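The values are calculated or read from the model by the stated rules, or taken from the named source; none is laboratory data. The shown structure was predicted, so the numbers you read here are calculated from the model rather than taken from an experiment. When we count neighbours, we look across all protein chains shown, and the Cβ atoms used for this are built from the backbone with ideal geometry, even at glycine. Please note that ligands, DNA and RNA were not included when accessible areas were found on the heavy atoms of the full protein model with its side chains. Shrake-Rupley method; radii C 1.70, N 1.55, O 1.52, S 1.80 Å.
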Amino acid sequence: MARELGDSLARNVKIIPWGKTVAILDGENLFQAIAEAEIPLRAACGGEGACSRCKVLLKEGRILPGSPGGLTGEELAAGYVLACQSVPVEDVVIEIPESSLAGRYRVVLSEPGRGIGPSEPLYRKIKLELRQPSLDDPRDDLGRLLDEVRFHLGNDRIKASLDVVRSLPGILRESGWIVNVSLAESGGEAYIEQVEPVSDSKYYGLAADIGTTTIAVCLVDLDKGKTAAVRGAYNKQSVYGDDVISRIIYSGESKGGLKDLQGAVLATINGLVFGMLEDLQISSEDVRVAVCAGNTTMTHLFLGLDPAGIRLEPYVPAANKPPPERAGKIGLEINPGAWVHCLPGISSYIGGDVTGGVLVAGMAGLEETALFIDAGTNGEMVLGNREWLVGCSCSAGPAFEGNGIRYGMPAAEGAIERVFISEKGLKVEFRTVGNVPPVGICGSGLIDCLACLYREGVIDRAGKFILKPENPWFKEGDEGPEFILARVNNREITISEPEVKNLIRSKAAVFAGIRSMLKTVGLPVEAIERIYLAGGFGRFLNIRQAVAIGMLPDLPEDRYAYLGNSSLKGAVQVLLSKSARKSLEELSGRITYLELAADRTFYDEFVSALFLPHTDLSLFPSVNFQ
Ligand code: FES
């Protein structure tokens, strides 16, 4: 049923300070109203009433009393309610406090296509001059065209649809047998998509990095190989849960869950694409191909594939290498006939975002041994060189993406990205993304925080607070003492002891994953000659601090390199270059996946790494210990 303001079945929800009013149907809750208004609300538990992050202030109107979740008596008395538990019974006015906002997402991208010239892109136009038919050469129009294309491509597997054949007699004769032929590559075959008179009309490809938290897309001019526009946004799936596991559960347990999730990711991408097309004054028809890179769950949800097997032992997905599909069949709003390709993964927990990153790092061709790390929710990594490659996913947990931490958030505007603590914990300073007042703290800020707290003697090696009465930055919170990282306008951003321990578990999982891979191939840490860091997380990361907490190996800083959004860059490479497609296919078949879930070595390494920086201090010779 369409929602209309003024509809008798609808309640109007006015949201301040946005001044937006949206209509929701009888029985829908405030959480759904806020999602409808496209305001990024925090929702770690996916609307289960368990995380209390979706707190809003009810200013006017009545709601059905729902679960108060973890709201305090003071908050309830002030009029706060959980958006996901509150169903309006009349028109209401609500205010969303800053602390409930997911923050504005800023794309942290340099030019994703820089340095990649077009070399046989996935979709291209070639100009062909055909011999005119004669009594000596009476080949039919289609046969004549196919012969010429075969000759040009050196490929026998050429296909043309009946629509293309229908257009041939007119176009070939009207254009004097000189035409532009549009070719799309898919599954090793070349499809003749269109035959038209010669013109210099532009055509584009879409590359997308479908992340669990954020999505980044770019439009690429396929003729010139240039990026025309880049955009990013929060993944609208976030309202169904913060991490892949909660979304897999939602997809399986809620009626229409898979459709909801596919609809949410498509709505995010389509919205971003629409904005780029409007800015550039391009028709969606001119976007002729798309390449998407995401973790295995995101790829499944984007394509509408059941992700249930990813979560259940033996962790088998529907497909690691899903076949290409036409955009119109998926619901991607570009040219409906455009092929949509997804980068291949190798397992349920190493997806196309990682293989794309390994492609960008060029590891499969390196003589030296290199390590690729994307320390997002799962801490995915690949170790190796041109002889061998092993990969693993170490369930680091989402702490470094800001989840599981009360004030945690992605590296969006207002996130504390750097923390400086000195004078034995008495002086605390910070820097935020965008230099705006702090809203929360992101992964790089949390790593700084952990390193500084330990170095300044505020926590011990196990992450336990060393309380000193003279330190004004300690306060008593709901679950024990908390350390105040920022205090602005009566608002505090704090970290508690359980959160510190949560971070230590995450960093321990990453380091244990690295050590497990090294042990499997019988190499010491020093054998790693290059370390590539990927994702928005790496952008602001202070390497020395990550080493100081024992998350990354204690190796010279010049061995580390930041790749940026390598998932998006990988998608662009695949869009533009045939040799990149070949390399990706080759490397994705070559990565040996290590399943760490029941691995004794991983468990032992994990336990050893549950201290700052590690139980074995000889692994961190450059770190100054307390
Ligand atoms: S309590 Fe509402 S989203 Fe978690």
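In plain terms, the chain from Leu312 to Lys59 could stretch by 86.7 nm, reckoned as 0.36 nm per residue minus the Cα-Cα distance.
With a ≥ b ≥ c the root eigenvalues of the C-alpha gyration tensor of the range 10-100, is it rounded (a/c under 1.5), prolate (a/b larger than b/c) or oblate? Note, shape of the range 10-100 comes out rounded.
Could you tell me the center-to-center distance, by alpha carbons, between the range 548-626 and the range 298-335 in angstrom? Their Cα centres are 26 Å away from one another. Within the shell of other residues whose beta carbon sits under 14 angstrom from the beta carbon of Ala327, the net charge comes to -2, with Lys and Arg scored +1 and Asp and Glu -1.
When each of the peptides 182-195, 225-238, 304-317 is scored by how many other beta carbons lie within 10 Å of its residues on average, the order from highest to lowest is 225-238, 182-195, 304-317.
As a calculated quantity, the FRET efficiency between Lys259 and Asp163 at R0 = 30 Å, using C-beta atoms, amounts to about 0.50. Put simply, when 559-572, 331-344 are sorted by average Cβ atoms within 10 angstrom per residue, most first, you get 559-572, 331-344. Extending 7 Å from the Cα toward the beta-carbon at both Ser622 and Glu120 defines two label points whose distance is 4.2 nm. For the chain, the residue among Val419, Leu222, Ile269 whose Cα projects farthest onto the positive side of the dipole built from Cβ charges is Val419. The alpha-carbon of Lys236 sits under 20 angstrom from the alpha-carbons of these lysines, leaving out residues fewer than 8 places away in its chain: Lys20, Lys55, Lys255, Lys259. How high is the FRET efficiency from Thr520 to Glu367, r the C-beta distance, R0 25 Å, rounded to 0.05? Rounded to the nearest 0.05, the efficiency is 0.80.
Heavy-atom accessible surface of the chain, averaged per residue, reaches 42 Å², computed with a 1.4 Å probe.
Taking other residues whose beta carbon is less than 15 angstrom from the beta carbon of Gly256, and scoring Lys, Arg as +1 and Asp, Glu as -1, yields -1.
With both labels modelled 7 Å from their Cα along Cα-to-Cβ, the Asp147 to Ala77 distance reads 9.1 nm.
Separation of the alpha carbons by more than 21 angstrom is noted, of Lys475/Lys507; Lys125/Lys224; Lys226/Lys321; Lys329/Lys582; Lys202/Lys226, for Lys475/Lys507; Lys226/Lys321; Lys329/Lys582.
Once the Cβ-Cβ distance between Glu387 and Glu470 is put in as r, and R0 is 41 Å, what FRET efficiency do you end up with, to the nearest 0.05? That pair, Glu387 with Glu470, gives E of 0.10. Annotation: the antiparallel percentage among DSSP beta bridges lying fully within the chain is about 70. Here the accessible area of the chain is 49 percent carbon and sulfur, with a 1.4 angstrom probe and all protein chains present. By definition, a body whose alpha carbon gyration tensor gives a ≥ b ≥ c is oblate when a/c is 1.5 or more and a/b is not larger than b/c, and the chain fits this oblate description. All Cα-Cα separations within the range 459-601 were binned at 5 Å from zero, giving a P(r) of 2, 7, 11, 14, 15, 15, 12, 9, 6, 5, 3, 1, 0, each value a whole percent of the pairs.
Hydrophobic, long helices, defined as DSSP H runs whose alpha-carbon span along the helix axis is 27 Å or greater and whose mean Kyte-Doolittle value is at least 0.0, occur in the chain at 257-280, 497-521.
Placing +1 on each Lys and Arg Cβ and -1 on each Asp and Glu Cβ, with no other charges, gives the chain a dipole about its Cα centre of roughly 480 debye. Ranked by the mean number of other Cβ atoms within 10 Å of their residues, highest first, the peptides 449-457, 437-445 come out as 437-445, 449-457.
Here is how the number arises for the chain: DSSP H runs of 4 or more residues each give -39500 (n - 2.57), the sum is divided by the residue count, and the result at 222 nm is -8500 deg cm²/dmol.
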